[in-house]
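Below: the structure, in structure tokens.
The values are calculated or read from the model by the stated rules, or taken from the named source; none is laboratory data. Note that the structure is predicted; figures quoted are calculated from it, not measured. As a convention, Cβ positions derive from the backbone with ideal geometry for all residues, glycine included, and neighbour counts pool all protein chains shown.
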Ligand SMILES: Cc1cc2nc3c(=O)[nH]c(=O)nc-3n(C[C@H](O)[C@H](O)[C@H](O)COP(=O)(O)OP(=O)(O)OC[C@H]3O[C@@H](n4cnc5c(N)ncnc54)[C@H](O)[C@@H]3O)c2cc1C
């Protein structure tokens, strides 16, 4: 429930065309799953964000921030509060004028776009991330990684906004972000990432493009890219691989409703069509219990939950 006074104050900040009421979250998640958010709004500037956060703080309104929704499982009931998405000024990318290996990327910019920009300019180091279907903000939050690289390797610093008073921007250096395996200091939940400064290396444009193509082919070959999913469902456990443990437990193809452990890659739960959040949760619970029974390893979810839990 969003209070009348919250709605009134939000309308004074964000124009009507950027307010979506009862917006199905299935439109904003790569799983194509999720009931309606009471209100989804797009914030385009830092000033708007500070004003909106001030309202949400003083009104004690419930809210979440969503990037490209590629690591989210949202409840079938949806989300009763406000969903913030970044756009406008947050969807930018530029090179430092003096040091062309330093690149500033707005939090909403998608990884695919970042990859094209860097390839065109012959900047290397981001190839590992080119096929990750998230925003740069979500990638820094998750310390997303693939093919031997992770965001930690290329992030110079992060510009962020505190979600409590005085809502002022701050700079976090790489070490301040406390990057770990699929984790960062941002996961404490007290900041919103506004932009990421990355340090790349000068490279050969053709070689960079070739590496990006090679990794895209690997993804297409190994991953169920034709089905909606949130990527790897579980984190890699210490000393093993989630996909191998799931496959060894005989769970490939295990399904509940429209959700299924991918036959192509056991690390992915996919939406085969019409899957509900509850179907995915049921598959995940069964996978965890079975893998634990067979290997003694309890898999931890990589996917993040909105208004639902295992
Ligand atoms: C087909 C497929 C393949 C994938 N492959 C990989 C892979 O190889 N490696 C990998 O690591 N991941 C992979 N993923 C998972 C996903 O793409 C990454 O976790 C990605 O970084 C999530 O970014 P997002 O913008 O979609 O974030 P979302 O899913 O929207 O959000 C994830 C979390 O980040 C938070 N967040 C998002 N933006 C911000 C911000 N600006 N400030 C603060 N918090 C923020 C959200 O609140 C949420 O808690 C894959 C997913 C799919 C569907």
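To keep it simple, each residue is scored yes or no on (1) in contact with a strand residue (DSSP E or B) (Cβ under 8 Å, 6 or more places away or on another chain); (2) within 12 Å of the ligand (Cβ to nearest atom).
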{"residue": "95", "(1), (2)": "yes, no"}
{"residue": "108", "(1), (2)": "yes, yes"}
{"residue": "115", "(1), (2)": "no, no"}
{"residue": "122", "(1), (2)": "yes, no"}
{"residue": "125", "(1), (2)": "yes, no"}
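For segment 40-60, the set of residues classified as within 16 Å of the ligand (Cβ to nearest atom) and buried (at least 17 other Cβ atoms within 10 Å of the Cβ) consists of 40, 41, 42, 43, 44, 46, 48, 49, 50, 52, 53, 56, listed by residue number.
When 54, 58 are screened for being under 25 Å from residue 106 (Cβ atoms) and out of contact with any helix residue (DSSP H, G or I) (no Cβ under 7 Å at 6 or more places or on another chain), only 54 passes.
Checked across segment 210-218, the condition of being within 13 Å of residue 115 (Cα to Cα), within 13 Å of the ligand (Cβ to nearest atom), out of contact with any strand residue (DSSP E or B) (no Cβ under 7 Å at 6 or more places or on another chain) and not assigned by TED's automatic domain parsing to the domain that holds residue 32 holds for at least one residue.
Residue 74 satisfies every condition listed in (1) within 18 Å of residue 159 (Cβ to Cβ); (2) within 14 Å of the ligand (Cβ to nearest atom) except (1).
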